[in-house]
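Some notes on the structure that comes next.
The values are calculated or read from the model by the stated rules, or taken from the named source; none is laboratory data. Being a predicted model, the structure only gives us computed values, none of them experimental. Cβ atoms come from the backbone with ideal geometry, glycine included; neighbour counts cover every protein chain shown.
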Amino acid sequence: IVLCFRKKYIETEVEAAKKWSHKWGFLKTPLDELIHDKKEENTSPKIELPEHLQVRPVTPVEKYIKVLPSPPVPKTTQRFIGWRSVVPELQLERGFQIQSCKGSFFKDLKWPCEPSD
């Protein structure tokens with residue numbers, strides 16, 4: 001039984017070896033040859049586009065965005081930025097009062113805008 005099994009196994013291997021070149025023979029083609037064939041296919045004439053359809057060259061970012069140097073670091077972090085900043089350019093409130101939808105509610109009740117003690 002073992003001898004018959006080995007004989008059948010060898011016959012199957014020989015048959016598979018014969019069919020391999022028919023099914024997978026393209027794998028034996030060298031890579032350079034495949035690439036060379038592909039390059040020849042891409043040789044199509046280029047069509048010149050009208051000027052209004054051509055892609056314009058990229059404009060450098062520096063033309064539109066200018067980054068100015070940062071101001072010097074303040075002595076304490078409390079003076080850096082916020083509601084009561086020492087540096088006027090860094091203040092969050094710039095000559096206007098913060099308005100919210102609650103303002104109309106306070107006017108209806110005639111309450112003062114500032115909290116009282």
- Filter pass, HIS22 being surrounded by 10 or more Cβ atoms within 10 Å (Cβ to Cβ), of a type outside the set (A, V, I, L, M, F, W, C), in a helix (DSSP H, G or I) and modelled with pLDDT of 60 or more: no
- Message: From the list ILE65, ILE47, ILE98, exactly one residue is modelled with pLDDT under 75 and in a loop (DSSP other than H, G, I, E, B). Which is it?
- Response: ILE98
